Each structure stands twice: as C-alpha cells, then as structure tokens.
Amino acid sequence: MLDHNKRQPLAARYLYLTRHGEASPEEGALTDNGRRQAVLLGERLRGAPLTTIHHGPLARAHQTAQLVCEQLDGVALQCSGPAGDYIPYMPQHEELPSESADALLGHLAQFPAEEREQGPGLARKALTLFAGPVVGDEPRHELVVTHNFLIGWLVRAALDAPKWRWMGVNHANAALTVIRYAPGRPPSVLLFNDTGHLPAGLRWTGFPPDLHI
C-alpha cells in the first residue's frame with residue numbers, strides 16, 4: 001500500500017511482546033525460573049523472522065532479552081526507554097467504573113511519583129516507536145521485552161479501548177503476545193499471553209493463584 005501523503009510504501013509490522021522472566025523483588029535480576037522462561041521463549045521464537053529485540057533498561061528486561069537473543073541468529077539487541085516500567089496513563093475518577101474506581105486509583109497511588117508523572121509521555125513514545133505499519137516493501141517482525149503495564153497499554157490501543165483499560169490486562173512472565181499492524185486495516189491481536197512454550201510450573205509466576213489459568 002502507498003501512503004499518498006508521504007509517497008512512501010507501507011508494509012505490515014508484526015509486534016511481538018513479552019514480559020520479562022520472573023525476577024527477584026530484592027535484586028531485580030532474573031531468578032533461575034526467570035532465566036529458564038527466557039530460554040524457552042527464545043526457543044519458541046526460533047522460527048520467527050525477527051530482526052530486532054527492543055528491551056527496557058531495567059535488569060530483568062535486559063537479561064531476558066539477552067537470553068532470548070542467545071537462542072536466535074543475527075538478531076540485534078536495542079535498549080529503549082519507552083519499553084521500560086512505568087504507569088502509561090493516569091485515569092480520572094470519573095473515567096473508571098464507579099464500583100472499582102477507588103480501588104484502582106488507590107493501587108496506582110502506591111507507585112513512585114516518577115513512574116506516574118513520566119509514564120504517559122513514555123507511553124506516547126512507545127506507540128510512535130512500536131505501533132503501526134512500517135515504511136518499506138517488506139513486513140517487519142520485532143520483539144519488545146518489557147513489563148506488564150506497557151503490554152496492557154499496547155493491547156488496549158490495538159483494540160481501541162478506553163485509555164484507562166490498560167489496567168486489568170495481565171501478562172505472565174515470558175508469555176507471548178503478537179499484534180499485527182497492516183496498512184489500511186485495524187490492528188489485529190494474533191496472540192495474547194500465550195504460555196504454550198512454558199511448562200505448567202513456569203506459568204503465571206508472581207500472580208496469585210486465582211489468576212492462574
């Protein structure tokens with residue numbers, strides 16, 4: 001498809017998203033489980049034509065990306081601030097369902113002020129960097145190793161859901177989500193939170209039992 005404003009051809013982008021592997025809350029580095037999750041994800045992605053792995057600056061995202069990359073051939077690693085851990089959007093009370101507004105806002109208030117204040121700007125940059133078709137004649141496949149909140153933000157944007165609805169979109173460690181952005185079409189969520197490459201004991205690490213599916 002030709003972009004008639006810029007006179008440049010556009011091709012589909014396949015955006016692969018994953019949350020970092022399980023990490024130690026004290027040190028921020030991957031646990032043994034987290035390293036195993038990352039290796040298994042890398043093995044799962046061997047058949048994908050990935051060209052780049054973007055990752056957030058925190059250790060758990062960087063280490064996950066490195067372990068995934070070691071399972072692949074010729075894929076570049078790139079650190080990206082917008083792929084980091086932050087609050088992508090701070091809703092107003094009136095935007096939220098009345099029965100859960102106080103609880104949701106109370107939960108967000110527990111996060112550092114820096115994550116709440118700087119997050120929306122980073123989230124807008126993430127949409128610019130990672131969403132939408134790409135300029136060129138060939139489809140692009142790229143992986144973003146990031147955190148739970150940003151995956152929720154990108155999925156809700158792909159579905160054109162309200163901005164606050166990134167909340168409640170939970171993603172397991174080293175699970176796989178894929179969004180396709182094709183020229184002239186709405187985004188398609190091809191996979192969401194796929195843990196088929198992980199054994200049962202490595203799924204939903206860090207989540208309470210009632211969220212284990």
Carbon and sulfur atoms account, in whole percent of the 1.4 Å probe accessible area of region 93-144, for 52 percent
Along region 194-202, Karplus-curve 3J(HN,Hα) (6.51, -1.76, 1.60; θ = phi - 60°) to the nearest Hz, with x for Gly and Pro, reads 6, 10, x, 8, 9, x, 3, x, 10
antiparallel share of DSSP beta bridges within the chain, to nearest 5, in %, is 45 percent
Note on the chain: contact order normalised by length, alpha-carbon pairs under 8 Å, 6 or more apart, percent, works out to 30 percent
Here the gain from full extension of residue 170 to residue 73, 0.36 nm per residue of separation minus their alpha-carbon distance, amounts to 31.9 nm
In region 11-75 the accessible area split gives carbon plus sulfur, as whole percent at 1.4 Å, a share of 43 percent
Per the helix-only model, the chain has a calculated mean residue ellipticity at 222 nm (DSSP H runs of ≥4, -39500 (n - 2.57) each, divided over all residues, rounded to the nearest 500) of -9500 deg cm²/dmol
The extension gain from residue 59 to residue 8, computed as 0.36 nm times the residue separation minus the Cα-Cα distance, is 14.6 nm
The summed charge of the residue 147 Cβ neighbourhood (under 12 Å; Lys/Arg +1, Asp/Glu -1) stands at 0
For Cα extents along the principal axes in Å the list reads (1) 48, 42, 30; (2) 58, 48, 35; (3) 63, 45, 29; the calculated value is entry (1)
Of the accessible area of region 149-213, computed with a 1.4 Å probe and all protein chains kept, carbon and sulfur make up a percent value of 57 percent
Averaged per residue, the 1.4 Å probe accessible area of the chain, protein heavy atoms only, in Å², is roughly 50 Å²
Residues whose modelled amide H sits under 5 Å from the amide H of residue 173, counting only those 5 or more places away in sequence or on another chain, are 204, 205
Residues whose modelled amide H sits under 5 Å from the amide H of residue 194, counting only those 5 or more places away in sequence or on another chain, are 176, 177
Relative contact order as a percentage, region 31-109, C-alpha pairs under 8 Å and 6+ apart, gives 28 percent
The FRET efficiency for residue 98 and residue 137, from their Cβ-Cβ distance with R0 = 45 Å and rounded to 0.05, is 0.35
The summed charge of the residue 81 Cβ neighbourhood (under 14 Å; Lys/Arg +1, Asp/Glu -1) stands at -1
Exposed-loop cut sites defined as GluC sites (Glu not before Pro) in DSSP loop states with at most 12 other Cβ within 10 angstrom; longest site-free run of the chain spans 100-213
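The values are calculated or read from the model by the stated rules, or taken from the named source; none is laboratory data. Being a predicted model, the structure only gives us computed values, none of them experimental. In this analysis, Cβ positions are derived from the backbone assuming ideal geometry, glycine residues included, and neighbour counts consider all displayed protein chains. Side chains included, ligands, DNA and RNA excluded: accessible areas come from the protein's heavy atoms. Shrake-Rupley method; radii C 1.70, N 1.55, O 1.52, S 1.80 Å.
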